[in-house]
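A short worksheet on the structure shown next.
The values are calculated or read from the model by the stated rules, or taken from the named source; none is laboratory data. If you're wondering where the values come from, they're calculated on a predicted model, not measured in any experiment. Reconstructed Cβ throughout: ideal geometry from the backbone, glycine too, with neighbour counts over all protein chains shown.
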Amino acid sequence: MAADGDPPPRSPARQLAIHAALFVATCATTWLAGGPAFAATLMSILVCHEMGHYVAARRYGLDVSLPYFIPLPPMISLGTLGAVIRMRAPISDRNQLLVVGAAGPLAGLVIAIPALIIGLELSELGPIPLDGALEGNSLFYGLTKLALFGRWLPSGDVDVNLHPIAFAAWVGLLVTMINLIPIGQLDGGHVMRAWLDARHERISALLHRGLLAVALVGGGVLFTLARDAGMGPRAALGYAALAVMPWLVWALALTGMRSLSGGEYHPPVVGPPLDRAHRRLAIAMVIVFVVLFVPIPMRAPL
């Protein structure tokens, strides 16, 4: 993901050391969170995602930093919050904004999709562990499992026991989906601002409220499932929170990003409307978001 702003200048050697230290730390925390195969796969996806942004920005001569990877304690996370690159000035040219915004997710998918297929080939079907977790299905993820295993999963009490490579690829797809939410200054927001110009402000406001609607619908579904499984109302509400919390967190994060931007979801762009080729790229990114969309990212088995 790209972020705007101009930090205090540092010497090139010190700046490079910061990037390297964060990268090594994130490799370590993801290794501790899921093992070497998980860490190698997830970090490869994140590196390709961020370098997609970086290379596209450098192609246009834009002043952009190397990626800042974000390590997190493995006992409370998957070891990372992803990474960002810093644009030292907002991109105002709509064609450049579109390409830089789309390049990251597309580059990450170059690694994530084959890694998912390889990881699923290394995985086995089996009973769903009661102390485990069920990863959410997107249209793409569900159809990939259908193609490889011949059935829509999970089915009854059977699901894929994911190999670490497959789980890391699923996380990479989830991160891509989050970045492609077409709001504000997320990658998807960059794409939509370049395509729709000022109309994107109104659409961002509607979609921002739509995140809360997704949270409520997902929470309602999990509450109903929990009640049907015999949970009491209080326990069922706690179970439903698994669907609500991610969308609330993302909605609050977008509110904070908007506040830091002076009340706008995205800075203005200039230039003529996108040509046909760039409009097709924008439409393709919307389609990618739709097929990767996961309404309930993670839940416990019932």
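Check the range 196-205 and report whether any residue there is under 19 Å from the mean Cα position of the chain (by Cα) and either buried (at least 23 other Cβ atoms within 10 Å of the Cβ) or farther than 30 Å from Phe38 by Cα (or both).
Step one: list which residues in the range 196-205 are under 19 Å from the mean Cα position of the chain (by Cα), which gives 204.
Applying the additional criterion that residues be either buried (at least 23 other Cβ atoms within 10 Å of the Cβ) or farther than 30 Å from Phe38 by Cα (or both) yields 204.
Checked against the condition, which is being under 19 Å from the mean Cα position of the chain (by Cα) and either buried (at least 23 other Cβ atoms within 10 Å of the Cβ) or farther than 30 Å from Phe38 by Cα (or both), the range 196-205 yields at least one hit.
Which one of these does Asp93 not meet: (1) among the acidic types (Asp, Glu); (2) modelled with pLDDT of 95 or more; (3) within 26 Å of Pro273 (Cα to Cα)?
Checking Asp93 against (1) among the acidic types (Asp, Glu); (2) modelled with pLDDT of 95 or more; (3) within 26 Å of Pro273 (Cα to Cα), the one that fails is (2).
If you go through the range 51-66 one residue at a time, do you hit one that is within 16 Å of the chain's Cα centre (by Cα) and not small (Gly, Ala, Ser)?
Start the filter on the range 51-66 by keeping residues that are within 16 Å of the chain's Cα centre (by Cα), which leaves 51-53.
Pick out the ones that are also not small (Gly, Ala, Ser) and you get 51, 53.
There is at least one residue in the range 51-66 that is within 16 Å of the chain's Cα centre (by Cα) and not small (Gly, Ala, Ser).
Among the residues of the range 79-100, are any crowded, with 16+ Cβ neighbours inside 10 Å and touching a Cys at 6+ places or on another chain (Cβ under 7 Å)?
No, the range 79-100 has no match at all.
Residue check: is Ala284 out of contact with any Phe, Trp or Tyr (no Cβ under 6 Å at 6 or more places or on another chain), modelled with pLDDT of 95 or more and either surrounded by 13 or more Cβ atoms within 10 Å (Cβ to Cβ) or part of a helix (DSSP H, G or I) (or both)?
Working: out of contact with any Phe, Trp or Tyr (no Cβ under 6 Å at 6 or more places or on another chain): yes; modelled with pLDDT of 95 or more: yes; either surrounded by 13 or more Cβ atoms within 10 Å (Cβ to Cβ) or part of a helix (DSSP H, G or I) (or both): yes.
Yes; evaluated as a whole, the condition is true for this residue.
Within the range 221-229, is even one residue surrounded by 15 or more Cβ atoms within 10 Å (Cβ to Cβ), assigned to a helix (DSSP H, G or I) and at pLDDT below 90?
Scanning the range 221-229 turns up no residue that is surrounded by 15 or more Cβ atoms within 10 Å (Cβ to Cβ), assigned to a helix (DSSP H, G or I) and at pLDDT below 90.
What are the pairs with Cβ atoms under 6 angstrom where one residue, in the range 239-254, is buried (at least 19 other Cβ atoms within 10 Å of the Cβ) and the other, located anywhere, is outside any helix (DSSP H, G or I)? Sequence gap at least six, or different chains.
So the pair list comes out as Leu242/Arg299; Ala243/Ile296; Pro246/Pro297; Leu254/Ile183; Leu254/Gly184.
Between Arg276, Arg234, which is closer than 21 Å to Asn95 by Cβ, surrounded by fewer than 15 Cβ atoms within 10 Å (Cβ to Cβ) and at pLDDT 90 or above?
On the way: Arg234 fails: closer than 21 Å to Asn95 by Cβ.
Residue meeting the stated conditions: Arg276.
Only one of these conditions is not met by Val64: (1) modelled with pLDDT of 95 or more; (2) surrounded by 18 or more Cβ atoms within 10 Å (Cβ to Cβ); (3) closer than 25 Å to Val100 by Cα. Which number is it?
(1)
When you scan the range 136-159, do you find a residue that is surrounded by fewer than 21 Cβ atoms within 10 Å (Cβ to Cβ), in contact with a helix residue (DSSP H, G or I) (Cβ under 9 Å, 6 or more places away or on another chain) and among the basic types (Lys, Arg), even just one?
Looking through the range 136-159, at least one residue is surrounded by fewer than 21 Cβ atoms within 10 Å (Cβ to Cβ), in contact with a helix residue (DSSP H, G or I) (Cβ under 9 Å, 6 or more places away or on another chain) and among the basic types (Lys, Arg).
Name every residue in the range 86-140 that is in contact with a Pro (Cβ under 7 Å, 6 or more places away or on another chain), within 17 Å of Gly172 (Cα to Cα) and either without any contact (Cβ under 8 Å) to a residue 24 or more places away in the chain or of a type in the set (A, V, I, L, M, F, W, C) (or both), in order of residue number.
If the condition is that a residue be in contact with a Pro (Cβ under 7 Å, 6 or more places away or on another chain), within 17 Å of Gly172 (Cα to Cα) and either without any contact (Cβ under 8 Å) to a residue 24 or more places away in the chain or of a type in the set (A, V, I, L, M, F, W, C) (or both), then Leu134 is the only one that fits.
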